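A quick write-up on the structure given underneath.
What follows draws every value from the coordinates through simple rules; no lab data is involved. Note that the structure is predicted; figures quoted are calculated from it, not measured. Positions of Cβ are generated from backbone atoms using ideal geometry, with glycine treated the same way; all protein chains shown enter the neighbour counts.
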Amino acid sequence: MDTDVLVVGAGPTGLMLANQLGRRGVRARILDRHAGPSLQTRALGVQARTLEIYSHLGIVDRALELGKRATGANMWAEGRRTARVPLGDIGRDMSPYPFLLILGQDDNERLLGERLHQWGLAIEWNTELVGLAQEADQVIAKLEQPDGTIREVKAAWVAGCDGARSAVRELSGIEFQGAPYEHVFFVADTRMTGPMVPDELNIYFWRDGFHLFFPMRGTDHWRIVGIVPPELRGRDDLTLDHVIPSIRDEAGAALALQDCTWFSTYRIHHRRAERFRDRRCFLLGDAAHIHSPVGAQGMNTGLQDAYNLAWKLALVVSGGADPALLDSYEAERIPVARRLLSTTDRAFSLVVSDTKLAGLFRTRILAKTMALAMRLKRIQRLAFLTISQTGIRYPDSPLTETLPGLPEAAPRAGDRFPWLRLKLSANGPTEDFFGKLDDTRFTLIVIGQAAPPAGVPGLGDLLRTHVIPSDPANDRELARAQIPQPAFYLLRPDGYVGLAGVRLDAAVVTRYISERLNLDAAIARFR
Ligand SMILES: Cc1cc2nc3c(=O)[nH]c(=O)nc-3n(C[C@H](O)[C@H](O)[C@H](O)COP(=O)(O)OP(=O)(O)OC[C@H]3O[C@@H](n4cnc5c(N)ncnc54)[C@H](O)[C@@H]3O)c2cc1C
């Protein structure tokens with residue numbers, strides 16, 4: 001065997017997967033058919049859940065330094081600013097990163113790519129996957145070099161992080177179900193001045209569509225996304241000069257363009273792979289699902305596919321878990337993709353619909369309704385949970401088990417464990433509990449009761465236990481998160497609750513580890 005995991009594609013998804021495997025000591029290789037990193041910004045929005053993962057990976061400070069926090073979204077209709085939706089800190093109390101970070105895909109890829117070196121991994125550029133043959137215990141991948149030579153690599157597992165036209169998906173015969181949207185989009189990175197509110201999102205609704213202005217790093221630097229006006233559709237020689245008149249119609253004649261560094265048109269599809277796995281091959285990121293850019297979810301979803309699969313692959317490759325653990329990847333991530341496609345599809349249809357009624361709705365009603373709704377705490381919370389991806393849950397996963405007795409409102413198995421600030425020692429300071437979690441291990445959180453005197457047999461060094469001390473500040477924080485006392489939570493390495501209950505019984509935890517996680521091998525090893 002040449003490698004345990006062959007990661008095909010060095011976009012954000014492949015880079016995240018290779019990093020997560022590398023830091024868990026897995027023998028992995030990552031390759032890409034391009035000659036080097038992409039210089040295009042493409043995705044721009046980094047969500048809170050991604051920043052939480054970046055924090056464990058040690059790249060969050062750099063990301064925050066390079067990016068821009070979007071503090072508000074301004075809605076414009078027919079040249080007038082009609083509403084402002086506050087975005088800054090709408091997720092206060094829900095995440096250490098309660099905002100959307102504007103940071104280009106190229107910067108994200110650079111940070112992830114630099115981190116790879118720490119695990120002794122380097123991207124093999126100019127290497128294209130052109131063939132796959134699956135055998136019972138390995139996959140033989142055919143890789144083509146620019147001079148046409150083909151070499152074979154034997155891998156235990158292959159991860160298809162190779163984008164919308166995924167070769168892994170096609171070679172595995174997995175259907176990519178869905179369709180293209182009829183509209184053609186343009187994207188432009190510009191330096192321009194105008195009535196836009198600086199450093200905030202500016203959304204221009206018009207009768208026939210919309211324009212989005214994202215603030216980018218630097219002064220007067222904006223990313224514009226919009227629909228190609230109907231009279232220009234079908235042309236393949238478009239430049240920003242062609243679409244500028246339609247932008248000026250909406251954003252005002254005062255718009256002064258100084259420079260355009262990137263202009264591209266593209267057709268968006270909404271598609272999902274019918275399966276995310278074929279025996280030893282997996283699909284992640286755009287290879288598994290593509291959708292409209294509404295909500296800045298695409299890149300973030302791929303990063304989280306990778307975070308979900310990495311710890312499972314690492315356990316299986318090390319011999320600690322039965323390969324059955326890998327079935328949960330598809331079981332957890334297909335429902336996420338299905339929901340994402342349907343919500344982005346609905347939102348997208350609303351903002352691009354050509355009907356007169358939809359035009360009126362966009363320019364007269366949408367902006368004001370959104371601004372009013374966002375004043376309600378409950379809506380703010382729901383919007384943050386949805387957009388930031390901190391609200392993604394796996395309630396129907398085979399790894400999810402909530403024991404009887406836990407109140408309905410309490411965090412349950414399948415939820416991302418909530419962000420808490422706790423005192424972890426009797427007279428110690430209040431600390432960010434996420435910062436204390438080791439995401440290469442399982443964590444047992446024991447609340448309002450003592451840890452089992454003999455520990456929890458089963459996971460050995462793979463388990464860390466935190467007993468939350470009794471303290472009035474801790475009581476308030478736990479009550480805020482609706483966590484009862486006593487309670488216990490067993491977290492998976494990716495921060496999701498696997499097992500939750502009231503009274504901690506070590507035997508029940510060991511049974512869960514053995515049955516649900518298929519970690520019998522790990523248990524035997526640590527006995
Ligand atoms: C114009 C544009 C604008 C976008 N704007 C946004 C946005 O604002 N917000 C957002 O969230 N998303 C946006 N997206 C989507 C976002 O860019 C993707 O969701 C994201 O790139 C997915 O990452 P990925 O790593 O899964 O795939 P990709 O980034 O596509 O990476 C796949 C990699 O695999 C490599 N590869 C492909 N085939 C092979 C092969 N056979 N062998 C070896 N290597 C191979 C490719 O060279 C590539 O480097 C935009 C996309 C486009 C095109």
> How large is Rg over Rh for the range 96-143, taking Rg from the Cα atoms and Rh as the Kirkwood inverse mean of 1/r across Cα pairs?
Replying inline: 1.19
> Between ALA479 and ARG275, what is the label-to-label distance in nm when each label sits 7 Å out along the Cα-to-Cβ direction?
Replying inline: 5.2 nm
>> Which of the three applies to the range 1-95, rounded, prolate or oblate, going by the alpha-carbon gyration tensor with a ≥ b ≥ c and a/c under 1.5 meaning rounded?
In response: prolate
> For the chain, what is the convex hull volume of the alpha-carbon atoms per residue, in Å³?
Replying inline: 153 Å³
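Please work out the FRET efficiency for the pair GLU144 and ASP199, using the Cβ-Cβ distance as r and a Förster radius of 51 Å; give the result to the nearest 0.05.
So the FRET efficiency works out to roughly 0.65.
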> Just how many pairs of Lys in the chain have C-alpha atoms closer than 20 Å, counting pairs that are eight or more places apart or on different chains?
Replying inline: 4
> Ranking VAL168, VAL228 by Cβ neighbours within 10 Å, fewest first, what do you get?
Replying inline: VAL228, VAL168
>> For the range 409-454, take N as its residue count and report Rg(C-alpha) divided by 2.2 N^0.38 Å.
In response: 1.29
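Kirkwood Rh, Cα Rg: Rg to Rh for the range 253-297?
Radius of gyration over Kirkwood radius for the range 253-297 works out to 1.25.
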>> Could you work out the percent of alpha carbon pairs in the range 248-350 separated by over 19 Å, rounded to a whole number?
In response: 55 percent
>> For a quick check: with amide H placed at 1.01 Å from N, whose amide H comes under 5 Å from GLY58's, ignoring anything fewer than 5 positions away on the same chain?
In response: none
>> Along the charge dipole of the chain, pointing to its positive end and built from +1/-1 on Cβ of Lys, Arg, Asp and Glu, which listed residue (HIS56, GLY91, ALA321) has its Cα farthest out?
In response: GLY91
> Given H placed 1.01 Å from N in the peptide plane, which residues other than close sequence neighbours of LYS423 have an amide H under 5 Å from its amide H?
Replying inline: GLU431, ASN474
> What percent do you get for the relative contact order of the chain when only Cα pairs under 8 Å and 6+ apart count?
Replying inline: 15 percent
>> Neighbour counts of other C-beta atoms within 10 Å: give me SER264, SER318, SER388, SER292 arranged from fewest to most.
In response: SER264, SER318, SER292, SER388
> DSSP beta bridges in the chain, what fraction antiparallel, as a percent rounded to 5?
Replying inline: 75 percent
> Where the convex hull is taken over the Cα atoms of the range 405-519, what is its projected area averaged over directions, in nm²?
Replying inline: 6.7 nm²
> Per the Kirkwood formula on distinct C-alpha pairs, the Rh of the range 123-188 is how many angstrom?
Replying inline: 14.1 Å
